[in-house]
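Data first, discussion second: the structure below is written as structure tokens.
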């Protein structure tokens, strides 16, 4: 009498651990594959033998793509294997995309048509088309605090009914204006010494106060569901497409508020931010011609889009058959003055060789190459550190008519030491244990419904 057993299917027989398959590929194609052990742990490849091809990269694609993994050539015979991330692509792919984009608009007329097409698509993807009706912002303003050459007061703007944008307004202490204005959105940095983040960080206060001492009105404002915004929205809402939409809308509404102030010159509006603040800076500049000068820091890239859904949650990069990426969104500032600040330790490390030549070619369509500059700090990393701020101060002074001498020491160097770094609670509109106004919205559904009702 025969004992029955379950027959093995081909898919059961033809299985190998991914690590074993990658080792075999290295030996067969004489290449070096770099990856983390956690990436390959307990991962199995079905039908690995049938996935091999004569070409190395075709084989890697067949093996890795079904596993939601990708590879990038990092040197001769060397490849980096990693998990697929929707906001990042290989450097070489970014280079090819730049060539395709430049071929699509060889003259300024075609580039202007491209900008119009992208603006429309961006607003559609953000669900801001038609643009929501502009309502009263009902500012909540604290009394000013006086320091050396500037004042600070905290302010909340009701950008749409029930949604409050909290920030701090820095103003020159002398003169009546009209002064230029600078918007200062921020990224996801946290100060390791003080554990402060966002607009409460010392380096953010240095930036805003120094610009104010140079003669600018400066508005430094919270990310959506960050900072005081957490009084009305759960932190988890920050990593959503709604945050992408609201942060964009908030920047544009902040311009509405600043340009309504009698002491602000509406024809001289700047914006600067780093990382996620850089994303906000070039997107707002692309959408709003009222911004006359922009300084996006450590974010202009042809192959990295922004890892937080608050800057990539809505699929702007899919706009048009050609698609788009950060460097093209930044280029939409043309021919307005723009300084791109990059460094050697993140996705902006190739700006001098890849992205900046692209930007120069776009600006050359207007014969305005002089209006786009790059400061590359090859030995620095991902931050808005002091050397990056120094480059920004100089650029803003030249293009907004600021008085840089007001912040120079006897040797002619910019001196930030006269800035008073305030404690966290002093920068709050509603206080440490504050409550939002009674009409404050609290859920994603409420915000989306409010936006829809205004369209």
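The values are calculated or read from the model by the stated rules, or taken from the named source; none is laboratory data. Since the model is a prediction, treat every value here as computed from it, not as a measurement. Glycine gets a Cβ as well: all are built from the backbone with ideal geometry, and neighbour counts include every protein chain shown.
Things worth noting here:
- Residue satisfying all of: in region 139-150; in a strand (DSSP E or B) and out of contact with any strand residue (DSSP E or B) (no Cβ under 7 Å at 6 or more places or on another chain); surrounded by the fewest Cβ atoms within 10 Å (Cβ to Cβ) among these: 146
- The C-beta contact set for region 146-159 (first residue at negative phi, second residue surrounded by fewer than 18 Cβ atoms within 10 Å (Cβ to Cβ) and part of a strand (DSSP E or B), distance under 6 angstrom, 6+ apart or interchain) comprises 152/145; 153/141; 155/141; 156/140.
Each row is one residue, and each column tells you yes or no for (1) within 17 Å of residue 166 (Cβ to Cβ); (2) crowded, with 24+ Cβ neighbours inside 10 Å.
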{"position": "235", "(1), (2)": "yes, no"}
{"position": "253", "(1), (2)": "yes, no"}
{"position": "261", "(1), (2)": "no, no"}
{"position": "265", "(1), (2)": "no, no"}
{"position": "274", "(1), (2)": "no, yes"}
{"position": "279", "(1), (2)": "no, yes"}
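- Looking only at region 216-252, and only at residues there that are assigned to a loop (DSSP other than H, G, I, E, B) and within 30 Å of residue 404 (Cα to Cα), the one that is nearest to the chain's Cα centre (by Cα): 223
- Take the conditions (1) more than 22 Å from the chain's Cα centre (by Cα); (2) modelled with pLDDT of 95 or more; (3) under 16 Å from residue 203 (Cα atoms); residue 369 misses just one of them, which is (3).
- Applying the set (1) surrounded by 15 or more Cβ atoms within 10 Å (Cβ to Cβ); (2) at positive phi; (3) at pLDDT below 95 to residue 175 leaves exactly one unmet item: (1).
- In a residue-by-residue description of region 115-128, the property of being more than 21 Å from residue 283 (Cα to Cα), part of a loop (DSSP other than H, G, I, E, B) and either at pLDDT 95 or above or out of contact with any strand residue (DSSP E or B) (no Cβ under 7 Å at 6 or more places or on another chain) (or both) applies to no position.
- Search result, residues across region 151-208 that are out of contact with any strand residue (DSSP E or B) (no Cβ under 9 Å at 6 or more places or on another chain), under 27 Å from residue 450 (Cβ atoms) and not in a strand (DSSP E or B): 161, 162
- Test: residue 290 is in contact with a helix residue (DSSP H, G or I) (Cβ under 7 Å, 6 or more places away or on another chain), free of Cβ contacts under 8 Å to residues at least 40 places away in the same chain, within 14 Å of residue 183 (Cα to Cα) and not in a helix (DSSP H, G or I): yes
- Exclusive hit being closer than 20 Å to residue 384 by Cα and over 19 Å from the mean Cα position of the chain (by Cα), set 202, 262: 202
- Residues of region 38-67 satisfying the condition of being exposed (fewer than 15 other Cβ atoms within 10 Å of the Cβ) and under 15 Å from residue 90 (Cα atoms): 57, 65
- Some residue of region 302-314 being closer than 18 Å to residue 115 by Cα, buried (at least 19 other Cβ atoms within 10 Å of the Cβ) and under 12 Å from the mean Cα position of the chain (by Cα): no
- Matching residues in region 419-455 - criterion: being over 20 Å from residue 196 (Cβ atoms) and part of a loop (DSSP other than H, G, I, E, B): 435, 436, 437, 438, 439, 440, 441, 442, 443, 454, 455
- In region 85-94, the residues that are surrounded by 16 or more Cβ atoms within 10 Å (Cβ to Cβ) and either part of a helix (DSSP H, G or I) or touching a helix residue (DSSP H, G or I) at 6+ places or on another chain (Cβ under 8 Å) (or both): 87, 91, 94
Listed here are the residues, each with its yes/no results for (1) in contact with a helix residue (DSSP H, G or I) (Cβ under 7 Å, 6 or more places away or on another chain); (2) closer than 15 Å to residue 150 by Cβ; (3) in contact (Cβ under 8 Å) with a residue 12 or more places away in the chain; (4) surrounded by 14 or more Cβ atoms within 10 Å (Cβ to Cβ).
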| site | (1), (2), (3), (4) |
| --- | --- |
| 402 | yes, yes, yes, yes |
| 405 | no, no, no, no |
| 420 | no, yes, yes, no |
| 427 | yes, yes, yes, yes |
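- Only one of 191, 220, 138 that is assigned by TED's automatic domain parsing to the domain that holds residue 329 and on the phi > 0 side of the Ramachandran plot: 138
- Subset of region 14-29 [within 39 Å of the chain's Cα centre (by Cα) and either not assigned by TED's automatic domain parsing to the domain that holds residue 77 or not in a helix (DSSP H, G or I) (or both)]: 17
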